[in-house]
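**Student:** If you scroll down you'll find the structure; I have some questions about it.
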Amino acid sequence: MPAATQQTLNDGETTRLAASRRMKALDVITIGRSSVDLYGAQVGGRLEDMRSFDKYIGGSPTNIACGAARLGLRSAVITRVGDEHMGRFIREQLSREGVDVRGVVTDPARLTALVLLGIRDEDQFPLIFYRENCADMALCEDDINEGFIAEARSVLATGTHLSHPRTEAAVLKALRLARAHGARTALDIDYRPNLWGVAGHGAGESRYVESEAVTAKLQMTLELFDLIVGTEEEFHIAGGSPDTLTALRAVRALTGATLICKRGARGAVAFTGPIPARIEDGETGPGFPIEVFNVLGAGDGFFAGLLKGWLDDETWPKALEYANACGAFAVSRHGCTPSYPSLEELTFFLRRGVREPALRHDAELERLHWSTTRPHGVADYRIFAFDHRAQFEEMDGYTAQKGGAFKRLCLEAALSVQAGRPGYGILCDERIGRRALHAASGSGLWIGRPCEWPGSRPLAFEPALGSDCGGLSEWPKENIVKVLCFCHPDDDAAMWATQEAAVRRLFEAARRNDLEFLLEIIPSKVGPVNDGTTAALIRRFYAAGIYPDWWKLEPMASLAAWDAACTAIETHDRHARGIVVLGLDAPEADLASSFAVAAGFSLVKGFAVGRTIFAGVARAWLTGEMDDGTAVTEMARRFARLCAIWDDARTQAREKAA
């Protein structure tokens, strides 16, 4: 066959494969380890001396899948988890990150792997793997579904799962299927000597132990990959030499894959052909002058950024720029997966550059990171607010025991209306409603929890919170920190200083504890209001450095007032979750009128109403005039009625806009 004809056929085949890849449902499937990382919260000490731990998902392929999803790639992971709380945590967190979990198998007999790790200094990172007969090491060929693999543009394997015959068979099957279906293949060498059995349990931090057996095992598979990524030490084990150039040449003799050699602070180098005389003669991308705080997980962040460039068919210098930037984020923050950037954050960082070498202390960058990596919400929220305390305590027949029992009935009413659907929530306190608050956990409800001492002005907090707001450390992650501040633009300087300081202290504590923050402001109880009053307050809090995820605002009757409030929020924080409208014991007709105006603004996400729903029922129940079942039924009816009014207002607003 003439060479020109052969080239035409090759070009046609390349075009066909490229089109096939674009049509696939997934960009990348990673395969291998998954674990729960228990990360020492204290920095600078021995693992023996850690007092507390933060819980994250971990394992190189799991981290990479999450990092890729944050960059807009459609990612999935194939692994196994235990049929227990930690396995469910991994599955749920992957879903929250936007990772496809169809390949996550629940193992009925084995526990999810755990890793305990800490940050001693920039060179020491004590680490213990708890992986004896763990779930992900039971991955087998039966777990690899051809149809699932066929959906992917690429498949990425990590080296640990080549260390055992059963998991190796699963990986090799996935790679063969990937190649058969035109997918690209990648290897993260991911060498952990103790996971290969060539170092002890106490050597989890070790990154290199020479082993001819490991080298031989890796070299048997190198030809199966289009892309191979590793540190210099990892190429030493793959190439069987402690000299980096010699090792790279040994790997090159076995595979035509692009080789990416990571060199720490010196950046990374790509080799697409023969290995040159100097490492520096490979292709490189720009690095970033940042503080080294935590290198654990940095390689996984690096690979996520590299995948973004590779699968978008960028040049290697551009792909390495993405990779180096993602690695920089990981190096400068606590944890692995939590530190990886969103695509918007990465784009912003590459455009703006480094201003603060310790990226976790860059306030602008951290706000963007927080806002763009949290789970997505829904379009509308219908919230039953029964976080009231003083109003209950003033009712005839009230006792603390009765109050707690009634709030359980409120929760029953909310759940009956929710019926398992998204977009429903409650506001519930801990002091009276503790049993209801705890029972709501895991129900799928949006859960707001108040902090203010009822009616306080200047603002004071519930005693259980502590003067430093340290009580937030006990709150579940799904609880949203809510605070009500009675304030007005005409307040004197002393009042403003006191209230701003209190709100800022609570806001910063909420961020420190990874909790969302809702700020409720009610100016009408303090002074006269007009169309600009609420907007002026919003601007004042932003100027004080307070960026609520949520705003809870009084019902405003005019379009001008709502427009001013929404503009004030969007000007300062276009990532704000939104606004919910409070009720103030207003009659249903008045609420319907306010909903009709508010629903025309997309930033208004719904309502958080309480006394309109529960006040009359509570009075009757507390005095024995109404039984439990009737109370639940009546509150559910009222709540459902308000939900219908809101939904109707939103529908009409959308139809009008269309």
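**Student:** Hey, can you tell me all the residues within region 540-578 that are without any contact (Cβ under 8 Å) to a residue 12 or more places away in the chain and of a type in the set (G, A, S)?
**Tutor:** A543
**Student:** Then there's this: Take the residues in region 293-307 that are aliphatic (A, V, I, L, M) and in a loop (DSSP other than H, G, I, E, B), then tell me which one is surrounded by the most Cβ atoms within 10 Å (Cβ to Cβ).
**Tutor:** Step one: of region 293-307, the residues aliphatic (A, V, I, L, M) are 295-296, 298, 304, 306-307.
Subset that is in a loop (DSSP other than H, G, I, E, B): 295-296.
Values: V295: 17, L296: 23.
Looking at the filtered set, the residue picked out is L296.
**Student:** Right, next: Among the numbered criteria (1) touching a helix residue (DSSP H, G or I) at 6+ places or on another chain (Cβ under 6 Å); (2) without any contact (Cβ under 8 Å) to a residue 40 or more places away in the chain; (3) not in a loop (DSSP other than H, G, I, E, B), which single criterion is violated by A265?
**Tutor:** Status for A265: all satisfied but (1).
**Student:** Still on this structure, please answer the following. Collect the residues in region 251-276 that are modelled with pLDDT under 95 and open to solvent by 70 Å² or more (accessible area, probe 1.4 Å), keeping them in residue-number order.
**Tutor:** Those that are modelled with pLDDT under 95 and open to solvent by 70 Å² or more (accessible area, probe 1.4 Å): A265, R266.
**Student:** What is the residue count in region 585-633 for residues that are part of a loop (DSSP other than H, G, I, E, B), among the acidic types (D, E) and either within 34 Å of the chain's Cα centre (by Cα) or modelled with pLDDT of 95 or more (or both)? Talk me through it step by step, then tell me what you get.
**Tutor:** Step one: of region 585-633, the residues part of a loop (DSSP other than H, G, I, E, B) are 585-587, 599-603, 610, 623-627.
The next check asks that each one be among the acidic types (D, E); those that pass are 585, 625, 627.
Those still in the list that are either within 34 Å of the chain's Cα centre (by Cα) or modelled with pLDDT of 95 or more (or both) too: 625, 627.
Residues in region 585-633 being part of a loop (DSSP other than H, G, I, E, B), among the acidic types (D, E) and either within 34 Å of the chain's Cα centre (by Cα) or modelled with pLDDT of 95 or more (or both): 2 in total.
**Student:** Here is a further query. Looking at D396, D387, which is the one that is part of a loop (DSSP other than H, G, I, E, B), surrounded by fewer than 15 Cβ atoms within 10 Å (Cβ to Cβ) and at pLDDT 95 or above? Write out each step before concluding.
**Tutor:** Values: D387 fails: surrounded by fewer than 15 Cβ atoms within 10 Å (Cβ to Cβ).
Checking each option against the conditions leaves just D396.
**Student:** Let me ask something additional. Considering only region 357-366, I want to know if a residue exists there that is of a type in the set (D, E, K, R) and farther than 26 Å from L38 by Cα. Before you say what the answer is, go through the steps one by one.
**Tutor:** If we filter region 357-366 for residues that are of a type in the set (D, E, K, R), which is where we start, we get 360, 362, 364, 366.
From the residues that got through so far, the ones that are farther than 26 Å from L38 by Cα too are 364.
Checked region 357-366: at least one residue is of a type in the set (D, E, K, R) and farther than 26 Å from L38 by Cα.
**Student:** Quick one: in region 586-630, which of the residues that are open to solvent by 60 Å² or more (accessible area, probe 1.4 Å) and without any contact (Cβ under 8 Å) to a residue 40 or more places away in the chain is nearest to M395 (Cα to Cα)? Write out each step before concluding.
**Tutor:** In the first step, residues of region 586-630 are kept if they are open to solvent by 60 Å² or more (accessible area, probe 1.4 Å); the result is 587-590, 593, 596, 602, 611, 619, 623-625, 627-628, 630.
Then keep just the ones that are without any contact (Cβ under 8 Å) to a residue 40 or more places away in the chain; that gives 587, 589-590, 593, 602, 625, 627, 630.
Numbers: P587: 19, A589: 25, D590: 24, S593: 29, S602: 38, E625: 14, D627: 17, T630: 19 Å.
Per the stated criteria, the residue is E625.
**Student:** A follow-up question, please. Kindly provide the set of residues from region 355-384 that are open to solvent by 30 Å² or more (accessible area, probe 1.4 Å), assigned to a loop (DSSP other than H, G, I, E, B) and of a type in the set (A, V, I, L, M), ordered by number.
**Tutor:** V378, A379
**Student:** Inside region 463-495, can you point out the residues that are farther than 16 Å from F517 by Cα, assigned to a loop (DSSP other than H, G, I, E, B) and either among the hydrophobic types (A, V, I, L, M, F, W, C) or touching a Phe, Trp or Tyr at 6+ places or on another chain (Cβ under 6 Å) (or both)?
**Tutor:** Answer for region 463-495, where residues must be farther than 16 Å from F517 by Cα, assigned to a loop (DSSP other than H, G, I, E, B) and either among the hydrophobic types (A, V, I, L, M, F, W, C) or touching a Phe, Trp or Tyr at 6+ places or on another chain (Cβ under 6 Å) (or both): F486, C487.
**Student:** Right, next: Quick check on my filter: what residues within region 146-165 are under 16 Å from L26 (Cα atoms), of a type in the set (G, A, S) and crowded, with 24+ Cβ neighbours inside 10 Å? I'd like the intermediate steps shown before the answer.
**Tutor:** Filtering region 146-165 for residues under 16 Å from L26 (Cα atoms) gives 146-157.
Then drop every residue that is not of a type in the set (G, A, S), which leaves 147, 150, 152, 154, 157.
Residues satisfying the conditions are A152, S154, A157.
**Student:** In region 548-585, what residues are among the basic types (K, R) and either open to solvent by less than 10 Å² (accessible area, probe 1.4 Å) or in contact with a Lys or Arg (Cβ under 9 Å, 6 or more places away or on another chain) (or both)? So that I can check it myself, show each step before the final result.
**Tutor:** Step one: list which residues in region 548-585 are among the basic types (K, R), which gives 552, 574, 577.
Across region 548-585, the qualifying residues are K552, R577.
**Student:** Anything in region 242-274 that is among the hydroxyl-bearing types (S, T, Y) and under 15 Å from I189 (Cα atoms)? List them, or say none. Steps first, please.
**Tutor:** Initial filter on region 242-274 (among the hydroxyl-bearing types (S, T, Y)): 244, 246, 255, 258, 272.
Answer for region 242-274, where residues must be among the hydroxyl-bearing types (S, T, Y) and under 15 Å from I189 (Cα atoms): T244, T255, T258.
**Student:** Another question, if that's okay. Do we have G230 as under 27 Å from the mean Cα position of the chain (by Cα) and buried (at least 24 other Cβ atoms within 10 Å of the Cβ) here?
**Tutor:** Working: under 27 Å from the mean Cα position of the chain (by Cα): yes; buried (at least 24 other Cβ atoms within 10 Å of the Cβ): yes.
Answer is yes for this residue.
**Student:** Something else about it: Can you name the residue in region 401-430 that is surrounded by 18 or more Cβ atoms within 10 Å (Cβ to Cβ) and assigned to a loop (DSSP other than H, G, I, E, B) and is also nearest to the chain's Cα centre (by Cα) among such residues?
**Tutor:** G423
**Student:** Could you list, ordered by first residue, the pairs with Cβ atoms under 7 Å in which the first is in region 645-657 and on the phi < 0 side of the Ramachandran plot and the second is in a helix (DSSP H, G or I) and open to solvent by 20 Å² or more (accessible area, probe 1.4 Å), at least 6 apart or interchain?
**Tutor:** Matching pairs, first to second residue: I645/A592; A649/A596.
**Student:** Could you list, in sequence order, the residues of region 504-533 that are in contact with a strand residue (DSSP E or B) (Cβ under 6 Å, 6 or more places away or on another chain) and assigned to a helix (DSSP H, G or I)?
**Tutor:** The answer is L506, F507, A510.
**Student:** So which of D585, D627 ends up being among the acidic types (D, E) and on the phi < 0 side of the Ramachandran plot?
**Tutor:** On the way: D585 fails: on the phi < 0 side of the Ramachandran plot.
When all the criteria are applied, what remains is D627.
**Student:** Now, a different point. Take the conditions assigned to a helix (DSSP H, G or I) and either open to solvent by 10 Å² or more (accessible area, probe 1.4 Å) or under 27 Å from A414 (Cβ atoms) (or both) and apply them to G448. Does it pass? If you could, list the steps in order and put the result at the bottom.
**Tutor:** On the way: assigned to a helix (DSSP H, G or I): no; either open to solvent by 10 Å² or more (accessible area, probe 1.4 Å) or under 27 Å from A414 (Cβ atoms) (or both): yes.
Taking the combined requirement at face value, the residue does not satisfy it.
**Student:** Cβ-Cβ distance below 7 Å, separation of 6 or more or different chains: which pairs start in region 469-484 with a residue that is closer than 14 Å to G444 by Cβ and in contact (Cβ under 8 Å) with a residue 24 or more places away in the chain and end on one that is surrounded by fewer than 13 Cβ atoms within 10 Å (Cβ to Cβ) and among the small types (G, A, S)?
**Tutor:** The qualifying pairs are P476/S441; E478/S441.
**Student:** Output the residues belonging to region 429-461 that are among the acidic types (D, E) and closer than 21 Å to V417 by Cα. Lay out the reasoning, then the answer.
**Tutor:** Of the residues in region 429-461, the ones among the acidic types (D, E) are 429-430, 452.
The one that is among the acidic types (D, E) and closer than 21 Å to V417 by Cα: D429.
**Student:** Quick test for you: out of I290, I279, pick the one residue that is open to solvent by less than 20 Å² (accessible area, probe 1.4 Å) and either more than 20 Å from N63 (Cα to Cα) or of a type in the set (A, V, I, L, M) (or both).
**Tutor:** On the way: I290 fails: open to solvent by less than 20 Å² (accessible area, probe 1.4 Å).
The match here is I279.
**Student:** If T347 satisfies all but one of (1) open to solvent by 10 Å² or more (accessible area, probe 1.4 Å); (2) under 17 Å from A298 (Cα atoms); (3) part of a helix (DSSP H, G or I), what's the number of the condition it fails?
**Tutor:** Single failed check for T347: (2).
Results for (1) open to solvent by 10 Å² or more (accessible area, probe 1.4 Å); (2) outside any strand (DSSP E or B); (3) within 27 Å of M50 (Cα to Cα); (4) not aromatic (F, W, Y), shown as yes or no for each residue.
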| residue | (1), (2), (3), (4) |
| --- | --- |
| R102 | yes, yes, no, yes |
| R110 | yes, yes, no, yes |
| L117 | no, no, yes, yes |
| E122 | yes, yes, yes, yes |
| F129 | yes, no, yes, no |
| E132 | yes, yes, yes, yes |
| M137 | yes, yes, no, yes |
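**Student:** Answer with yes or no whether G527 is open to solvent by less than 50 Å² (accessible area, probe 1.4 Å) and in contact with a Lys or Arg (Cβ under 7 Å, 6 or more places away or on another chain). Even if it seems obvious, please write down each step before you answer.
**Tutor:** On the way: open to solvent by less than 50 Å² (accessible area, probe 1.4 Å): yes; in contact with a Lys or Arg (Cβ under 7 Å, 6 or more places away or on another chain): no.
So G527 does not fit the description; no.
The values are calculated or read from the model by the stated rules, or taken from the named source; none is laboratory data. Since we're looking at a predicted model, the values are computed, not measured. All Cβ positions, even for glycine, are placed from backbone atoms using ideal geometry, and neighbour counts span all protein chains on display. Side chains are part of the model used for accessible areas, which takes the heavy atoms of the whole protein and leaves out ligands, DNA and RNA. Shrake-Rupley method; radii C 1.70, N 1.55, O 1.52, S 1.80 Å.
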